[in-house]
Every structure is written in structure tokens, then in C-alpha cells.
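The structure appears right after this line, and notes come after that.
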Amino acid sequence: GAPAMYRSYREGALIEISSTSTFADGIAIRRPGKLAFEIIRRYVDDIIIVDDEEIAGAILMLLERSKLVVEGAGAVGLASLIYRKTSLTGANTAVVLSGGNIDVNILSIIIERGLAKSGRYVRLRTTLTDLPGSLQKLLSVVAQTHANVISINHDRIKPGIPLKQAEVQLDLETRDQEHIREIVSTLKKSNYLPEII
């Protein structure tokens, strides 16, 4: 987090924090500026804290539903509403969405984690006999469930994997959590021991 302004506002004086830890770098300050603090103290009724997961959820919602790319600091207002950090029932409300200065690697992580949370992406691991055709059999079972294979990692040399065995990691596009349960169940019925990782 980066609660320097929040703490300063609450305590009525400029507070410096030792470090910040947030991807919302537009608000990642160790100490508020004097002018900004005075303006906020005079005109702002309250300051609400949201965490990085909530900010990421707001960014993903904006991207999916509105096709807007908004940086972390620009999405905090929406995050506070989505995650009900404040009650504005019956009030006319406007939320400022600002800035598109977000690192594409961070955006990629937000998208992938959001897909995983909603059940539209899953990473599974299982073992199989290390013989020709074994991987094809596993993939045939996965194909029966209509999951889309994004990537495969087939490892037979990792320490701890028994000889004549291979560990397979599959990244799959899925429909929802129910689809993931169906995939796991189908694999178990076919004598695999899938583990969601």
C-alpha cells in the first residue's frame, strides 16, 4: 500500500511513510506535498483505502465492459465503489477515471489473474507414464471437455518425478468454475490425478 495521504489526512499533519508497495504508482508517495495536503484537508470529506487486488478488479472491469485502459491510480475511485468501501446510496455520484499509463506486463498479469478468478483460465498439473502417446491420450481427455489448451509443459527430468513418469502442466481456457470442476472430474475418471495450481 501507500497510505501516506490517508494517514496525513487522519492525523491532520504531513506524515512520511518509510516505503510504498503498490502498482498504482501515480499515488505511491512516501510523503504528500504540502499544497496538495492543504487542498485535500480543506475540500475533501474523506479518504478511503483500497488494496491492489481491488484496484486490479476495477481495471479489469473497465477493460472488459467499457474497453477503457486506466492506470492503477486512475481506477481507485471505481474500486472503492465496486468493493463497497463507501456508501453512496441515493447520491448522484461521478467517478473520475484518469490516465492510461499502465505497464503492459502489469496489465497482462491483471488480465490473467482476473480470468483465473472468474474461472475462465486454469492451470492444472498431473503426472502420466512417460511413453509415446501418453500426452496425446491426456490431451484427448481434455479435448472431450471442450477446454482450449493455451500451453503445455511436459517435464520428465525434474527431481522428485519418478523414472518413467512425466509431470505435465496445462494452461487451459475455460468457461467458468463449473467447467473447471467438469474438467477435473473427467480427468479423474480417466485415472489422472489433476491438481489446480
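The values are calculated or read from the model by the stated rules, or taken from the named source; none is laboratory data. Just so we're clear, the structure is a prediction, and the values are computed from it rather than from any experiment. We place every Cβ from the backbone using ideal geometry, glycine too, and count neighbours over all the protein chains shown.
Brief remarks follow.
- The residue that is nearest to the chain's Cα centre (by Cα), counting only those in region 120-147 that are assigned to a helix (DSSP H, G or I) and aliphatic (A, V, I, L, M), is Val142.
- Positions within region 7-37 being surrounded by fewer than 16 Cβ atoms within 10 Å (Cβ to Cβ) and among the charged types (D, E, K, R), in sequence order: Arg10, Glu11, Glu16, Arg30, Arg31, Lys34
- Criterion: acidic (Asp, Glu) and under 25 Å from Leu62 (Cβ atoms) - qualifying residue of Glu195, Glu173: Glu173
- Filtered residues of region 155-173 (kept if outside any strand (DSSP E or B) and exposed (fewer than 15 other Cβ atoms within 10 Å of the Cβ)): Ile157, Lys158, Pro159, Gly160, Ile161, Pro162, Leu163, Lys164
- Residue match in region 137-154 (condition: surrounded by 14 or more Cβ atoms within 10 Å (Cβ to Cβ) and modelled with pLDDT under 95): no
- Residue that is surrounded by 17 or more Cβ atoms within 10 Å (Cβ to Cβ), among the aliphatic types (A, V, I, L, M) and more than 18 Å from Leu107 (Cα to Cα), where the choices are Ala2, Ala79: Ala2
- Checking Ile40 against (1) farther than 18 Å from Arg7 by Cβ; (2) of a type outside the set (D, E, K, R); (3) surrounded by 14 or more Cβ atoms within 10 Å (Cβ to Cβ); (4) more than 15 Å from the chain's Cα centre (by Cα), the condition it does not meet: (1)
- Yes/no for Val69 being surrounded by 13 or more Cβ atoms within 10 Å (Cβ to Cβ), of a type outside the set (Asp, Glu) and more than 21 Å from Arg120 (Cβ to Cβ): no
- Scanning region 112-136 for residues that are at pLDDT 95 or above and hydroxyl-bearing (Ser, Thr, Tyr) yields Tyr121, Thr126, Thr127, Thr129, Ser134.
- Cross-chain or 6+ apart pairs with Cβ under 9 Å, region 174-186 first and free of Cβ contacts under 8 Å to residues at least 60 places away in the same chain, then assigned to a helix (DSSP H, G or I) and among the aliphatic types (A, V, I, L, M): Thr174/Leu115; Thr174/Ile180; Thr174/Ile183; Thr186/Val141; Thr186/Val142
Here is a yes/no grid of residues against (1) of a type outside the set (Lys, Arg); (2) closer than 30 Å to Arg120 by Cβ; (3) touching a Phe, Trp or Tyr at 6+ places or on another chain (Cβ under 8 Å):
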position: Pro3; (1), (2), (3): yes, no, no
position: Glu16; (1), (2), (3): yes, no, no
position: Asp25; (1), (2), (3): yes, yes, no
position: Arg31; (1), (2), (3): no, no, no
position: Gly99; (1), (2), (3): yes, yes, no
